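Everything on this sheet refers to the single structure shown next.
The values are calculated or read from the model by the stated rules, or taken from the named source; none is laboratory data. Bear in mind the structure is a predicted one, so any value in this text is a computation, not a measurement. We place every Cβ from the backbone using ideal geometry, glycine too, and count neighbours over all the protein chains shown. Ligands, DNA and RNA are excluded from the accessible area calculation, which covers all protein heavy atoms including side chains. Shrake-Rupley method; radii C 1.70, N 1.55, O 1.52, S 1.80 Å.
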Amino acid sequence: MAEKTLKSIAITLNGEPHALEREISVMQLVESLKVKLSRVAVELNREVVPKANYEDTIIRAGDVIEVINFVGGG
Amino acid sequence: MEDTPFELGGKPFRSRLIVGTGKYKDFAETKNAIEMSGAEIVTVAVRRVNITDRNKENLLDFVDPRRYQILPNTAGCYTADEAIRTCRLAREVGVGEMVKLEVIGDQATLFPDVAATIEAAKVLVKEGFKVMPYITDDPVTCLKLQEIGCIAVMPLAAPIGSGLGIRNPFNLAIIIEQAKVPVIVDAGVGTASDAAEAMELGCDGVLMNTAIAGAKDPIAMARAMNLAVEAGRIAYLAGRIERRLYASASSPLTGLIG
């Protein structure tokens, strides 16, 4: 978890408040979570982000992000 | 015996058993049970990545999407909107267009919200999803879902996880007779005979999770279900005898010793 600094960017990540040290791309966020790209999907402010756009999609202050994966279910 | 292939969304499958991945002790047991079940289609749930425990194993490392058709579900969704969002996210993971749509209407019974399921199905079909809705065993609703363009209908046999078996074989029989898409019994199966019964009625497939994962020996139950679905299917194709009130002797009535 990033240290909160004056410049930190407050977002909501999977329903919890989360601080980023700087603006990062969705790709950088996924990498920071140490999950395989082929195992996850990301929603930014209720819209799915296509994987092809991860590099170019920058996360801004106030953004609401969901990162999901598959778990056991019936 | 010759059987027509079990086709879903234009893709042929050998096994008519679809299994879930919930409620297992660990991923290794999940993997073994699926293997033993012979299933080729496997349901999964869509949930938030655990942010705090980043080294957690991933289900797909045990259930290889190249080997199995992954069928993401919308379990836990109570509105059409939640279910649609969940499907869109699931598709972006990259395992295809097939989704098991469930919009729950009641927490205690987990019965579907029929109106919300139809609403979500309409949107998802338009967006190119191959929608397989979990639904009440109601022939009218199943027809509606078929007309919308769902690739299968999945009436429940009994409440999810209840193990009560086929509660209304007569409704199922009507649904099967009317359906032009595969009918898959989803939910309520408790043991092998329930699965066989569904197949004997003429269902195209059976979907189950708890009946296997919750058994004392899930691996053995997975095998039992594999055999039951196959046995039920063959019995259906073979054509059972008519039920009759009185006996019909199997041994010749002539040539008896006197």
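Mind checking which residues of region B:176-203 are part of a helix (DSSP H, G or I) and free of Cβ contacts under 8 Å to residues at least 40 places away in the same chain? Even if it seems obvious, please write down each step before you answer.
Residues of region B:176-203 that are part of a helix (DSSP H, G or I), as a first pass: B:176-178, B:192-201.
Listed by number, the residues that qualify are B:Ile176, B:Glu177, B:Gln178, B:Ala192, B:Ser193, B:Asp194, B:Ala196, B:Glu197, B:Leu201.
May I ask you to say which residue of B:Ala90, B:Ala116 is away from every other protein chain (no Cβ under 13 Å), in a helix (DSSP H, G or I) and not charged (D, E, K, R)? Outline the logic, then answer.
Values: B:Ala90 fails: away from every other protein chain (no Cβ under 13 Å).
Only one candidate passes the filter, namely B:Ala116.
Within region B:68-78, does at least one residue satisfy the condition of being of a type in the set (Phe, Trp, Tyr) and touching a Phe, Trp or Tyr at 6+ places or on another chain (Cβ under 6 Å)? Spell out how you get there, then give the answer.
Within region B:68-78, the first condition is being of a type in the set (Phe, Trp, Tyr), and the residues that meet it are B:68, B:78.
If we keep only those that are touching a Phe, Trp or Tyr at 6+ places or on another chain (Cβ under 6 Å) too, we end up with none.
No, because not a single residue in region B:68-78 is of a type in the set (Phe, Trp, Tyr) and touching a Phe, Trp or Tyr at 6+ places or on another chain (Cβ under 6 Å).
Of the residues B:Leu124, B:Leu145, which is open to solvent by less than 10 Å² (accessible area, probe 1.4 Å), modelled with pLDDT of 95 or more and more than 19 Å from the chain's Cα centre (by Cα)?
Working: B:Leu145 fails: more than 19 Å from the chain's Cα centre (by Cα).
Result of the check over B:Leu124, B:Leu145: B:Leu124.
What number of residues within region B:204-229 are closer than 24 Å to B:Ile135 by Cα, assigned to a helix (DSSP H, G or I) and open to solvent by 20 Å² or more (accessible area, probe 1.4 Å)?
Going through region B:204-229 one residue at a time, the tally reaches 2.
Can you name the strands (runs of 3 or more DSSP E) wholly within region A:1-64 that have at least 3 residues being in contact with an Asp or Glu (Cβ under 9 Å, 6 or more places away or on another chain), surrounded by 16 or more Cβ atoms within 10 Å (Cβ to Cβ) and at the interface with another protein chain (Cβ under 9 Å from one of its Cβ atoms)? Outline the logic, then answer.
Values: elements: A:9-13, A:16-20, A:40-44, A:47-49.
The strands (runs of 3 or more DSSP E) meeting that bar are A:40-44.
If you go through region B:40-69 one residue at a time, how many are open to solvent by less than 80 Å² (accessible area, probe 1.4 Å) and away from every other protein chain (no Cβ under 12 Å)?
3
Could you say which residue among B:Asp3, B:Asp81, B:Asp26 is under 27 Å from A:Lys34 (Cα atoms), open to solvent by 50 Å² or more (accessible area, probe 1.4 Å) and either facing another protein chain (nearest Cβ under 9 Å) or out of contact with any Asp or Glu (no Cβ under 6 Å at 6 or more places or on another chain) (or both)?
None of the others qualify; the one that does is B:Asp26.
Filter region B:173-186 down to the residues that are open to solvent by 10 Å² or more (accessible area, probe 1.4 Å) and in contact with a strand residue (DSSP E or B) (Cβ under 9 Å, 6 or more places away or on another chain), then identify the one that is farthest from B:Lys25 (Cα to Cα).
Let us first name the residues in region B:173-186 that are open to solvent by 10 Å² or more (accessible area, probe 1.4 Å), namely B:173-174, B:176-182.
Narrowing the set further to residues that are in contact with a strand residue (DSSP E or B) (Cβ under 9 Å, 6 or more places away or on another chain) leaves B:176, B:179, B:181-182.
Numbers: B:Ile176: 35, B:Ala179: 37, B:Val181: 35, B:Pro182: 32 Å.
This residue is B:Ala179.
Confirm whether B:Ala238 is in contact (Cβ under 8 Å) with a residue 40 or more places away in the chain and small (Gly, Ala, Ser).
Numbers: in contact (Cβ under 8 Å) with a residue 40 or more places away in the chain: yes; small (Gly, Ala, Ser): yes.
Yes: the conditions hold for B:Ala238.
Within region B:6-57, can you find the residues that are aromatic (Phe, Trp, Tyr) and part of a helix (DSSP H, G or I)? Lay out the reasoning, then the answer.
Within region B:6-57, the first condition is being aromatic (Phe, Trp, Tyr), and the residues that meet it are B:6, B:13, B:24, B:27.
Within region B:6-57, just B:Phe27 meets the criteria.
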